[in-house]
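First the structure, in the form of structure tokens, and then the observations on it.
Just so it is clear, none of the values below were taken in a lab; they were calculated from the coordinates. Predicted model, so just to flag it, every value in this text is computed and none were measured. In this analysis, Cβ positions are derived from the backbone assuming ideal geometry, glycine residues included, and neighbour counts consider all displayed protein chains.
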């Protein structure tokens, strides 16, 4: 494990890159935005390739923040309708950065901040920061950390923790786009997908859940049996397992050509499948060149009391963990 200077922000803030290596896997994490810059894993012949979409330099992330390449997303991942919510009878107005709605923490979410970093064991790095009361409209001083570590199998474990001094909402995720054939090799739509979810939360035209649960049986959303990915997915899957104390495997992604396999295990009840159909022309990646599997609580949960709660109160600890495992078939 090592740390090196990766670049400097326009205000002079240094950004460091931490490199984690174990069991043939190499992961690079930035102190800017908690970004997973790269993940290198071998194929069946032992040839390593980068399988996470990202940029070689800091300028790429500053110039193209919109796709959230590899980023740590918060204070609230996904959308909150109308850019506001109510806790204990009080309304909080948020930054609206997705039409009338709040998306991925606002104009300057966690993905656009510099995080403090320290070693975590022999194969991990712990990033931390304090989100002040009122940041992007969210109440409460939120002390938050994200620990990235490689276990003995080479799996990447991301563990989040947060505490607050006032009632607030929290929903954290990682926004890596995966292409197991190799980043920059073309479309990821040839990948095979499996998701252990019998339902989705259908949305309106703005990506806001209607509040209903919809069965996937007999629809294009059914990935309970492994099948090829297609375009047009940006949907939250209601994982059959629900909220769990320990990570449970919920998804599998495989590239038939290289034989590389990604598994996703999580404590969270939801998973957003996004096939990156909306990459802008100026990006070095074309639409559908990567697939995001974002573990999460559900979008717009503050307005849907029957969804798993995202409310965090003083004295409670927000804890979430997701594990990305790598293998070959």
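The stretch 1-26 and the stretch 194-254 have their alpha-carbon centroids 34 Å apart. Ranked by the mean number of other Cβ atoms within 10 Å of their residues, highest first, the peptides 64-77, 116-129, 274-287 fall in the order 64-77, 116-129, 274-287.
What FRET efficiency comes out for the pair residue 240/residue 90, r = Cβ-Cβ distance, R0 = 51 Å, nearest 0.05? Once rounded, the FRET efficiency stands at 0.90. Could you estimate the translational diffusion coefficient of the stretch 2-328 from the Stokes-Einstein equation, with Rh from the Kirkwood formula over C-alpha pairs, at 4 °C and 1.567 mPa s, in whole µm²/s? Calculated translational D: 66 µm²/s. At q = 0.15, 0.24, 0.25 Å⁻¹, what base-10 log of I(q)/I(0) does the Debye formula yield for the stretch 27-92 when every alpha carbon is treated as an equal point scatterer in vacuo? After summing over all Cα pairs, the log10 values are -0.64, -1.01, -1.06. Within the stretch 275-298, which residues have the backbone N less than 12 Å from the label spot 7 Å out from residue 189 along Cα→beta-carbon, could you tell me? Correct set: 275-278, 287-290. Relative to the current alpha-carbon distance between residue 219 and residue 206, full extension at 0.36 nm per residue lengthens the span by 2.6 nm.
Listing 240, 88, 300 from fewest to most neighbouring C-beta atoms within 10 Å gives 88, 240, 300. Just to compare against my own numbers: the Cα pair-distance distribution for the stretch 50-137, 10 Å bins, whole % per bin, please. Values per bin, smallest distances first: 15, 38, 32, 13, 2. Between residue 303 and residue 278, full extension at 0.36 nm per residue minus the direct alpha carbon distance yields a gain of 6.3 nm. Just to be sure I understand the model, the point goes 7 Å from the Cα along the line to the Cβ. What's the resulting residue 56 to residue 3 distance in nm? For the pair residue 56/residue 3, the computed spacing is 2.6 nm. Highest mean packing comes first when the peptides 161-169, 306-314 are listed by Cβ atoms within 10 Å, giving 161-169, 306-314.
Inter-label distance, residue 165 to residue 226: 5.1 nm, where each label sits 7 Å from its Cα along the C-beta direction.
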